[in-house]
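Q: A single structure is presented below for examination.
Taken together, the values in this text are just the output of simple stated rules run on the coordinates, not laboratory data. Because the structure is predicted, anything quoted here is derived from the model rather than measured. Here the Cβ is made from the backbone with ideal geometry for all residues, glycine too, and neighbour counts use every protein chain on show.
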Amino acid sequence: MGTTASRIVRSLAFMAVILCTRPAAAAWTTLEEAWYTMTLGGQPCGHLRIELQQDGDLFRTVSESTLSLARAGAAISVTVSSTFDERADQTPVAASLTQSMGGAPTTTEWRFGPTGIEVKAQQGGRVTTSTKPLPPAGWLTPRAADALRKKALKDGSTTVEFTTIDPQNGTAPMTVKSTRTGNGPLTIDGKQVAGSSWTTRTSMLPIDTVEEYDDQGRMMRQVTPMALGNIEAVLTTKAKALGGGGVAGGAPAVAPAPGQAPPGGPAAAPELLTASFIQLGASVPDLDCADIVVWDLRTKDGTPLDLPDAGGQTTERTERGERVFVRRGGTTPAPTGDALKEFLEASQMCDVNDARLKALAKRALRGKENAPAAERAEALRVFVLEYIDDKNLGSAFASASDVARTKSGDCSEHATLLAALLRCAGIPSRGATGLVYADSFAGGKHVMGWHMWTQAAIDGKWVDLDATRPDCPFDGGHILTGTTALGDGGLGGDLGSVVALLGNLAVDGVEVGGARKPAP
């Protein structure tokens, strides 16, 4: 319960700031298979497949989701496929995650051993390997979690709680808690079946989802509430899931205007980017390169707001939400020693072993090899700004190696390439997600839009670097909602903060240079 919602909803985050399925070997036999159509706000946006396979003593849980949305009219498609292999006695053996998000597909494979997990990440013929520690004991494999859920349904339990691993989060354990909310017939595709309703929340996604199961434990429907519109997955046939109207059957070759469908063609993909803009009041001045901006923020649905203190941002609680202080040039303490390793190591998104990335870093720092870290970091930021000469919204989340070769992308590609070049130069780095001020963008004027930039650990401090900004490396017009080490397999969990706030963040006030500027 809940892992499916986490998987689907986190994919939206890749598109907001931002098809390759691992085939089963011939020996695998399908035991169970379920197909679901997916909608966002009532509009078709993709499909989901969940399958259980067997090969002798091995069992494999397969999950594949394909989502197609629009970002300012540009059609974006993200496909995520994962597998988890375990023995009949539920001993974990291996897992994999394949993602296609605009560049070359990336694949991460984990193999569980007695003392650790061997990790192999591949993209475009490039391979990185590493060893990770085993997660703490007590977590359940997918089959064990499914058995526990089915037992709870059969026994009439009112709650079920467990810890499991979803390959989209890497090997980080995730807690899942479900509470029964009702019993009775369920209506699916016009037919009534006996079943029950549950509310589920996971530690990776702070959103309550509604799930409906039949008496055999098969998920019939799942509804995840979001401010931009509910995400709904409904059990259907394979033919309907793949061949239905809208993006489940393929996005149109030419994207129509957001919210409009081409005559005689499939339904338009739901618009995500512009729908999540926050409109600022006319009295708020232009915030480009502002030294200090103080934001009064809250969630529209009243859920607690918990934004990070990092880089140029610090926060304090208020009665309704949080007051957020963003300072151009501000810093916060960074970790030291071994705690910095994850911000220097190679990954699919930041492959510091890629000869092309090493060459670009060397080129950008020519004549500044011995300069202070802050000066080298700024030189790399300016280089990335100029190097990506095809600035577009056509990629969901390409890796630095992809961007180094295509020289194209939006904010996420700028942020990832800069993070990789910083690591090539020996400067620890991570991605930062949140909102940024735009005087005019994608048809919006004087708005806050979802964005991604980079943070570098320099002289023991986290420093913000935005490679999309021509005039200044960072300013008070940014609001940080989360950070990511851009590591293998765990990116989806890192972006949960984006998902929870999409369309749900309200700006009650803005102070610029100490002068109060009310915003509606």
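Q: Put one equal scatterer on each alpha carbon of the range 51-125, apply the Debye formula with no solvent term, and list log10 I(q)/I(0) at q = 0.14, 0.21 1/Å to two decimals.
A: -0.57, -0.95
Q: Same structure again: Which of ALA152, GLY409, GLY444 sits closest to the plus end of the dipole of the chain, meaning its Cα is farthest towards the positive end, when Lys and Arg get +1 and Asp and Glu get -1 on the C-beta?
A: Checked the options; the winner is GLY409.
Q: Among DSSP beta bridges lying fully in the range 278-518, give the percent that are antiparallel, nearest 5.
A: Roughly 95 percent of the DSSP beta bridges within the range 278-518 come out antiparallel.
Q: Can you pull out the trypsin sites (Lys or Arg not before Pro) in the range 315-407 that DSSP calls coil and that have at most 10 other Cβ atoms within 10 Å?
A: Those satisfying the criteria are ARG366.
Q: Can I ask one more? In nm, to one decimal, how far is the modelled label at LYS407 from the one at ALA194, with both set 7 Å along Cα→Cβ?
A: For LYS407 paired with ALA194, the spin-label model returns 6.7 nm.
Q: Across all directions of projection, what mean area in square nanometres is found for the Cα convex hull of the chain?
A: Over all viewing directions, the chain projects a mean Cα-hull area of 24.7 nm².
Q: Counting other beta carbons within 10 Å of each residue's own, what order do SER130, SER96 fall into, fewest first?
A: SER130, SER96
Q: Between the range 308-345 and the range 73-150, how many Å separate their Cα centres?
A: Cα centroid of the range 308-345 versus Cα centroid of the range 73-150: 30 Å apart.
Q: A further question follows. Among ILE231, ALA500, LEU365, whose Cα lies farthest out toward the positive end of the dipole of the chain, if unit charges sit on the beta carbon of Lys, Arg (+1) and Asp, Glu (-1)?
A: Farthest towards the positive pole: LEU365.
Q: If each Cα of the range 278-518 is one equal point scatterer, what is log10 of I(q)/I(0) from the Debye formula at q = 0.08 Å⁻¹?
A: -0.28
Q: How much length would be gained if the chain were fully extended between THR336 and LYS154, taking 0.36 nm per residue of separation minus their Cα-Cα distance, in nm to one decimal?
A: That pair, THR336 and LYS154, stretches by 60.5 nm at full extension.
Q: Let me ask something additional. Only Lys, Arg, Asp and Glu count, each charged at its Cβ (+1, +1, -1, -1), so figure out the dipole size of the chain about its Cα centre, rounded to 20 debye.
A: Rounded to the nearest 20 debye, it is 400 debye.
Q: Looking at this model, which pairs from LYS154/LYS177; LYS300/LYS391; LYS391/LYS445; LYS407/LYS461 are more than 26 angstrom apart at the alpha-carbon?
A: Table pairs above 26 Å Cα-Cα are LYS300/LYS391; LYS407/LYS461.
Q: Also, quick follow-up: Might you report the magnitude of the Cβ-based charge dipole of the range 278-518 about its Cα centre, with Lys and Arg at +1 and Asp and Glu at -1, to the nearest 20 debye?
A: With only Lys, Arg, Asp and Glu charged at Cβ, the dipole is about 360 debye.
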